[in-house]
Structure formats: C-alpha cells, structure tokens
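What follows is a short report on a single structure.
The values are calculated or read from the model by the stated rules, or taken from the named source; none is laboratory data. All of these numbers come straight from a predicted model, not from anything done at the bench. Every residue, glycine among them, receives a Cβ derived from its backbone with ideal geometry; neighbour counts consider all protein chains shown.
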C-alpha cells in the first residue's frame, strides 16, 4: 500500500493537467478522445449528462466529501473495492489495471469505499498514451490530463509515497 506524504499532498493539490473553469469548456476536447477515464462522481455525472460515457469511471459516492444518492450505474461491469483516504492500496492498483484492460471492449466502473482521489496517478501509468483522464479540482473546475504528457511526472510522484505493508 502506498501512503501519501504530507509534502506530496501540497504538490498534488495543484492541477495535474489543463484546467477548465466550466465543464462545457472542455467538451470539444473530450469528444475527440479515443480513451476516456473519469475520476470522481461529479465529473462522471457531468459526462453522462452530456451523453458521453467514459471507458472507465472511478467514483466514491461523494461530491466534495458529502455523500450523494445519484445513480451512476451506467454499466453492468462494476468493481467494488476499499481504498482509505490518502492511500493507493494494492487492491485499487490491481483493479484499475484489470478495469483498463477490460474497458477496451466494455465500459467499466470502480466504486471505492473510502476515497478515489489518488486513483488518477495509477491511471496515468496504466492507461494508453492517447487517452485522457478527467477529474474535478474542488471549487476550481475540471482538470483534463493527457496521458502522454504526464507518465514521467506520475512515476516521480508515486516514488514519493511511503510504502506500507
């Protein structure tokens, strides 16, 4: 299990990609992508409302730390896992790997009991180079991450985590 260090927490609060204050501002780029991952409930909800379905969505049934009751069951391919806040568990890592592999033929959904925020990093390392990841930056907007631009940066950040058995 990887555990977030405090100094890395500050670094990761900055957007990891291109910031869009409004979801609609990113729609043209999103529509052009061949492989789409959404991390976060609000981001996934906005995609589905725009008739866009991510290959893989990772949610935790919370929006800005508040539980919601919006049904995000857009696929029958659902993984339910545990991932405590501030961590990347082996289970999260392995499930993302499997879900990405399966998402080339069918859309996948990972529902996290705990927190999904840090799932962006393993997604950056395992998703195809031509893909994009979308996630919400609280009170700022949508972040669009082009995988090809961030693999090395994601590797560097992963190396900064504490490893716990």
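Remarks
- Within region 106-127, the presence of at least one residue that is at pLDDT 95 or above, in a loop (DSSP other than H, G, I, E, B) and surrounded by fewer than 20 Cβ atoms within 10 Å (Cβ to Cβ) is confirmed.
- All positions within region 87-105 that are in a helix (DSSP H, G or I), out of contact with any helix residue (DSSP H, G or I) (no Cβ under 7 Å at 6 or more places or on another chain) and crowded, with 17+ Cβ neighbours inside 10 Å: 95, 99
- Unique residue being over 13 Å from the mean Cα position of the chain (by Cα) and within 17 Å of residue 118 (Cβ to Cβ) when the list is 62, 68: 62
- Candidate set: region 139-163, residues that are surrounded by 16 or more Cβ atoms within 10 Å (Cβ to Cβ) and outside any helix (DSSP H, G or I); chosen: the one farthest from the chain's Cα centre (by Cα): 161
- Single condition residue 31 does not satisfy, out of (1) free of Cβ contacts under 8 Å to residues at least 60 places away in the same chain; (2) part of a strand (DSSP E or B): (2)
- Test: residue in region 113-133 that is free of Cβ contacts under 8 Å to residues at least 12 places away in the same chain and out of contact with any helix residue (DSSP H, G or I) (no Cβ under 8 Å at 6 or more places or on another chain): no
- Residue in region 63-86 that is within 24 Å of residue 153 (Cβ to Cβ), surrounded by 13 or more Cβ atoms within 10 Å (Cβ to Cβ), in contact with a helix residue (DSSP H, G or I) (Cβ under 6 Å, 6 or more places away or on another chain) and touching a residue at least 40 places away in the same chain (Cβ under 8 Å) present: no
- The listed residues are 70, 96, 88, and the only one of them that is over 21 Å from residue 140 (Cα atoms) and at pLDDT below 95 turns out to be 70.
- The one condition from (1) farther than 25 Å from residue 130 by Cβ; (2) assigned to a helix (DSSP H, G or I) that residue 73 does not meet is (2).
- Evaluating residue 19 against the criteria (1) in contact with a strand residue (DSSP E or B) (Cβ under 7 Å, 6 or more places away or on another chain); (2) surrounded by fewer than 16 Cβ atoms within 10 Å (Cβ to Cβ); (3) outside any strand (DSSP E or B) leaves one unmet condition, (3).
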